[in-house]
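Have a look at the structure below, then the notes.
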Amino acid sequence: MADPLRDRFVVLGVSGSIAAYKAVDLASRLVKAGARVDVVMTKAATQFVTPLCFQSITHRRVVDDLWDRNSEMAVEHVGLAKRAAAILVAPATADLLAKMALGFAEDALLTTLLDTRAPVVIAPAMEGDMWANPLTQEHVAKLRSLGMAFVEPEEGRLASGLSGRGRLADPEAILGTLRQVLGRGGDLAGRRVVVSAGGTQEPIDPVRLITNRSSGKMGYAIAEAARDRGAEVTLVTAPTALAPPHGVAVAPVDTARAMHRAVEGAARGADVLIMAAAVSDYRVANPAEQKIKKRGEAADGLTIELVPNPDILQEVTGDFVRVGFAAETEDLLANAGAKLRKKGLDLLVANDVSGAGSGFGSDTNRVILLGRGGEIEELPILPKRAVADAILDRVVAILAGRGRGAGGRRWVETHR
Ligand SMILES: Cc1cc2nc3c(=O)[nH]c(=O)nc-3n(C[C@H](O)[C@H](O)[C@H](O)COP(=O)(O)O)c2cc1C
């Protein structure tokens, strides 16, 4: 399943905030994601950025005047409202929020917003005191109560030079929310999906630890893809350098035992558990309370005793679809098949982490999917997001098979 923005009609509403220039970047990102973007600007917005600027990026006519006889609105004044899969208002001024909350329709943007049944995502930007003003907050609460999604402004330095909460949210947060809203009707709608990610960390002493090369990219891509397909996602993550996808509940953990507890809690009542984390098999038996000092001659060694960690996938059981990963450097299929059977998984993603363009840290991955009925599907090297969607395609088929009772359709043809 592709990006929920691909081939969708999105109206980008731009109002008269100094942050209007950031909407040009949003338009560009939307176009790159494959959306068809119709920009509708308020009169005040045109004081900050020219319609031509947006038009050059979207390659579509920009609407900035309800009364322009040559514009899209004059031909079919409710056309955009009806065609839109979603409307993103970014930036939204205090003025626009007030008018929206009162149902004004004095310009092209307000008319489109009042006349649409499409979901609306709003990213406000203004001075901190304008945002904190009870009137603004009342309008926000009213619009929220009507089902509109807000991407709240961030804290930071504002155009005035003052600091406060009012900066337009990060573009990834805005587009993440838009994707989440567009994905609501997806094939995982109403499902609860728990994903683990990253490499766990086992302390040796207060400053040293044992970890592995997992970057978390695969698990994060799965969490994002599940969100985009309508799932309610919990991401149980060991420390990574990645920003978690917006619209996903995040449970940060460090050790394998902490991950065990978090996964156990999150999996209660879940429909799917996908363990993409690289969990340390062993931990230090007795981590030192103080930093271990170098002792004696440099040639003297140091022995650290390791004890086994819990096997999370084996121990967290329940009535949910269970998906495991097997990172192997040799005998991939034999080892992966044994793991699938031993842990009673529904699906195992076997990953040869020794190959180029595959495994830890890479943006691409090469995996083989193994089903519990003996199905095997070998995927080519793909971006991790595409691998994530391929895994979720199988999960959706397994869930559908369960819905039909035993003997449901098998999720994939056997390729070999
Ligand atoms: C330089 C400048 C910057 C402004 N920036 C903002 C802003 O960031 N947020 C906001 O709510 N209003 C801002 N305003 C005020 C709005 O432009 C004004 O309320 C206008 O009527 C909004 O019209 P609109 O909501 O139809 O776009 C700014 C005004 C000026 C002159």
In nm, to one decimal, how far is the modelled label at Ala44 from the one at Ala243, with both set 7 Å along Cα→Cβ?
2.6
How large is the Kirkwood hydrodynamic radius of the range 9-182, in angstrom, based on all distinct alpha carbon pairs?
15.8
Considering only the other residues whose Cβ falls under 14 Å of the Cβ of Pro308, what net charge follows from Lys and Arg at +1 and Asp and Glu at -1?
-3
Förster radius 30 Å - calculated FRET efficiency between Arg6 and Asp68 (Cβ-Cβ, nearest 0.05)
0.50
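Decide, for the range 82-204, between rounded, prolate and oblate: order the square roots of the alpha carbon gyration tensor eigenvalues as a ≥ b ≥ c, take rounded if a/c falls under 1.5, and otherwise choose prolate if a/b is larger than b/c, else oblate.
Since a/c reaches 1.5 but b/c is at least a/b, the shape of the range 82-204 is classed as oblate.
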Dipole of the range 9-182, Cα-centred, from +1 at each Lys and Arg C-beta and -1 at each Asp and Glu C-beta, to the nearest 20 debye?
480
Please identify the longest segment of the chain free of exposed chymotrypsin sites (Phe, Trp or Tyr not before Pro), where exposed means a DSSP state other than H, G, I, E or B and no more than 16 other Cβ atoms within 10 Å.
105-416
Among residues other than Ser362 whose Cβ falls under 15 Å from its Cβ, what is the net charge (Lys/Arg +1, Asp/Glu -1)?
+3
Neighbourhood charge, 15 Å Cβ-Cβ cut-off, centred on Gln47 and excluding it, Lys, Arg +1 and Asp, Glu -1:
-3
What span do the alpha-carbon atoms of the chain cover on each of the three principal axes, reported in whole Å from largest to smallest?
79, 60, 38
Protection-proxy order for peptides 301-309, 166-174, 193-201, 110-118, each taking the mean of Cβ atoms within 10 Å per residue, highest first
193-201, 166-174, 110-118, 301-309
Stretchable slack from Arg83 to Glu289, in nm (0.36 nm times residue separation minus alpha-carbon distance)
67.9 nm
The range 255-332, dipole about Cα centre (Lys/Arg Cβ +1, Asp/Glu Cβ -1), debye to the nearest 20
540
Full extension from Glu378 to Glu315: what is 0.36 nm times the residue separation minus their Cα-Cα distance, to one decimal in nm?
19.9 nm
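Seen from all sides and averaged, what is the projected area of the convex hull of the Cα atoms in the range 157-217, in nm²?
If I average the Cα hull's projected area over directions, I get 8.4 nm².
Bear in mind that the values in this text are calculations on the coordinates, not laboratory data. Keep in mind the model is a prediction, meaning the values are calculated, not measured. So basically every Cβ, Gly included, is an ideal-geometry build from the backbone, and we count neighbours across all protein chains shown.
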